[in-house]
Each structure stands twice: as structure tokens, then as C-alpha cells.
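Presented below is the structure to which this report refers.
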Amino acid sequence: MRIRFREKTAFEAARCMESSGELHNPGQGWYHVYTFRAKPDGGRPVEEEAWLDESCRQEQLALVLILIGDYRACEIPKEALLHIGQILEFFRRNGKEMILRFVYDNEGKGMEREPLTVSMVKRHMEQIGGAIRPYMEDILVLQGIFVGNWGEMHGSKFLGRDSMCDLMNTLYRSTEGRCFLAVRTPAQWRTVADGSAEPGLEERLGLPVRFGNDANAAAWGEYKAGGGREDSFVMMTIGTGIGGGVILNGRLWDGVNGAAAEFGHMTIRYDGVPCTCGRTGCFEAYASATALIRQARERMAADRDTLLWKLCGEPDRVEARTVFEGAAAGDKACRALLDTYTTYLAEGTANIINLFQPAVLCVGGGVSRAGEALLAPLREKTARRIYSQNAKQNTQIILAQLDNDAGIIGAALLEP
């Protein structure tokens, strides 16, 4: 969801520029993610904390994630607020527009890391609002309302309607209504915006409001203006997580609460690795870009001879594209990684096809930029797993056509 508080504009195209490098950064989508602690790092200059790789210098957009969990039980001290300003000043000085997110948790432990009371969260919002006001022109969007796993609301104790209205209004007042707000989980936000909320979000903002998560909007965009020419159409987006959207009989199917097609939280291993949603063995815990990065780092720790060391220098700099580059260069470890990764991806993809039997399954998100290096093994492995493999007609697996604009286009075309 993307809302303009001040001006009566529902959607606005972001002024972004991608790096010129081929197959740029699919591991983090179409921008790099920079993570900081609000707590100052012993006088270490921000220029060192936010070191820009050469491949990042041409980018106009950066996701800046600032961890405020050190202050869950107290107000944010002046030196931390000054440090936040220094971080934002660094990105302004380097010509970056920012997707800005403040989080109490970055390990999937939202409920235990966030404050005990909503009043403390509100106080932090008021403090941070004051710190970021000088940089409003540089902030493309403020992402999330601080709470939950990774600041994305999952697993928060504050998901009730009253708490969310309270937090949203506090954030609105703290930023003086001068920036966009984006949230990942629209199911809870429907309770804020529908007629049962008192008053509703449209009344509070004086704007028409439409709800839809990013993957649903991307699916609608591809269906309306991209590769979706069939009324039975599914989109799967692979980036930091795995999202999706489903078109049935020409209509976007978003479920009873607007949260349908969360493919990434379909279990493919009941005893598997922990997911940010609080469960274990989720599809995105094995087949997202984040999962591939984790798998690559594990391989680097176990194999000093892999080409990954030469390509990225150290584990913290590995990206999903690095694995594809290594595989293309013939590195055995990278090829083994991709074989395992595409097997996991095929397991989930086959489940989706078995469930919906769509005419087309469209693959988007940052990892899809690998093109046929991704789709060729995915098609072959998925074909062996679907129960309709001997049918005369089966689901076509194609690449998305609208790239990063799919969500923007789809959101603008959402119907009441």
C-alpha cells in the first residue's frame, strides 16, 4: 500500500535509476539495503558504516534500515537521534533517494524485541519524526510502522485496530503528513480503512484509498499491461521474500481479508529453517533471494576455493546475482548451489500450479533478472513435479515483462 498524506495523489512514479551493470543486484531486488544501528558506533564515521560499493554509486535509490531495538525500554537519546541525522545526511550527500525503515527487530523476533507498550512506540515515532523532517525531500517512502518481525508487522503485539490507528496517526503527525507510508501486510490495515473503523482511513486522510500488497499489485499490472494475456493467471515474485498474485476469471483474487497468495509462507519442509513470519520451513526461507544469499554464505564458510570469494571478496557482500555469475563461469560450488536452489523453487512452484492450474505462471522480482539461467531449470524440474504432467496442455512459465513498474502500474489500476 502506498498513500500520499499531504497531496491528493494516490500513486506517483518513483524517480529511480538502476545501475548499468548487467543482471544488476537481483539479490536485494532493484536497490541495495544498508543496515545501521541508531546507537552510535563508538565515533566511527558514517562514511565507513555506509560504504558504497562501486556498483552502487550510480543508483539513485537505497533502502536504509535503522535498528532502534537498543531503546525498546527508554526514549531514544539525543546522540542516537543525531546519528540518525548523520546517516540520512550521508545518503543525501551521495544523491540517493531513500526507502526508510525503522525497526526494533532484524532477526524475526518482533514481539520480544519491540517495546512493551504502544505509548513507547509512539514516543519513538515522535522523536524520529523530528529527526527525519529535514530530509523529507530525500525520503521516497517511510516503510512500515516500526513493529513486528523486521518492522513488517508480522508477529507484533500491536496488530489490533485501535493500536494500529493510534500508531498510524502518531506517525502522520510526527512527519507532518509530508511523506508516503508503505506497509507490507494489508490484511490488518483493512480493519483501519473499512467502514467499521471509527473513523475510517479515507475520512482521516481525505483521500480515496485502495488496498493491495506489492505482489498482488504487480500481478494485476502484469495481467493488465504485461505478460498476462490469460484470465487464469498467477504471478510469483522472488526477491527478499516470495510473494504472489492470482487472477481468476479476469479478477484479482485477494481473499477474505486481502492477504491471499502469500506463497512465500507455504511450508515445504515442516521441520525446516525458521522464517521471519515465526513458522519454520516456509517456501521463501528456501527459495527467496535472501535464502540463496544465506546458502551462498554457508558454502563460502565451508569452501575457501569457490569462485564466490573472488567475485565478492567476503560473505557480507554476496548477492543472488553473484551465484549466477559464478555458475556461468563454471564454478562447481555455484552450480551446486543453483541446482539445490532451483529444486526448492520448483517444489513450491509445482504446489502453486497443482493448486490453481493457471494457463500462465509469471515469474517476477529481482531474481527473475537471471532470465533463462533461472527459468530453464525451473521449468524442467517443475514439469516433473506437477500432477498434470501428461496433460495435453500445461501451465506456461514465463518471465514478467514490466520489471519494477509492475507494482506501480497495477496499484494505479486497482479497482474499488
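Overview of values
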| quantity | calculated |
| --- | --- |
| Residue that is surrounded by the fewest Cβ atoms within 10 Å (Cβ to Cβ), among those in segment 389-402 that are at pLDDT 90 or above and out of contact with any Asp or Glu (no Cβ under 9 Å at 6 or more places or on another chain) | Asn394 |
| Residue within segment 332-354 that is in a loop (DSSP other than H, G, I, E, B) and not small (Gly, Ala, Ser) present | no |
| Tabulated pairs, segment 218-230, first farther than 8 Å from Gly410 by Cβ and touching a residue at least 40 places away in the same chain (Cβ under 8 Å), second part of a helix (DSSP H, G or I) and aromatic (Phe, Trp, Tyr), C-beta under 9 angstrom, 6+ apart or interchain | Gly228/Trp220; Arg229/Tyr223; Glu230/Tyr223 |
| Given (1) in contact with a strand residue (DSSP E or B) (Cβ under 8 Å, 6 or more places away or on another chain); (2) of a type in the set (Ser, Thr, Tyr); (3) free of Cβ contacts under 8 Å to residues at least 60 places away in the same chain, number of the condition Tyr387 does not satisfy | (1) |
| Any hit, segment 315-324, residues being assigned by TED's automatic domain parsing to the domain that holds Ala291, in a helix (DSSP H, G or I) and more than 16 Å from Thr290 (Cβ to Cβ) | no |
| So Leu82, is it surrounded by 18 or more Cβ atoms within 10 Å (Cβ to Cβ) and assigned to a helix (DSSP H, G or I) | no |
| Residue under evaluation Gly258, criteria (1) outside any helix (DSSP H, G or I); (2) surrounded by fewer than 16 Cβ atoms within 10 Å (Cβ to Cβ), criterion not met | (2) |
| Tally, over segment 233-255, of residues that are surrounded by fewer than 17 Cβ atoms within 10 Å (Cβ to Cβ) and outside any loop (DSSP other than H, G, I, E, B) | 3 |
| Of residues in segment 98-156 being in contact with a Gly (Cβ under 7 Å, 6 or more places away or on another chain) and assigned to a strand (DSSP E or B), the one surrounded by the most Cβ atoms within 10 Å (Cβ to Cβ) | Phe102 |
| Check on Leu378, in a helix (DSSP H, G or I), at pLDDT 90 or above and out of contact with any helix residue (DSSP H, G or I) (no Cβ under 6 Å at 6 or more places or on another chain) | no |
| Hits in segment 40-77 - residues which are more than 14 Å from Asn94 (Cβ to Cβ), in contact with a helix residue (DSSP H, G or I) (Cβ under 6 Å, 6 or more places away or on another chain) and at pLDDT below 90 | Pro40 |
| Sole exception among (1) touching a strand residue (DSSP E or B) at 6+ places or on another chain (Cβ under 9 Å); (2) in a helix (DSSP H, G or I); (3) surrounded by 21 or more Cβ atoms within 10 Å (Cβ to Cβ); (4) at pLDDT below 85 for Tyr172, by number | (3) |
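This table checks each residue for (1) over 27 Å from Trp150 (Cα atoms); (2) more than 19 Å from the chain's Cα centre (by Cα); (3) not assigned by TED's automatic domain parsing to the domain that holds Gly243.
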residue	(1), (2), (3)
Ile293	no, no, no
Arg304	yes, yes, no
Lys310	yes, yes, no
Ala328	yes, yes, no
Leu355	yes, yes, no
Pro358	yes, yes, no
Cys362	yes, no, no
Val367	no, no, no
Glu372	yes, yes, no
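The values are calculated or read from the model by the stated rules, or taken from the named source; none is laboratory data. Being a predicted model, the structure only gives us computed values, none of them experimental. Backbone-built Cβ (ideal geometry, glycine too); neighbour counts: all protein chains shown.
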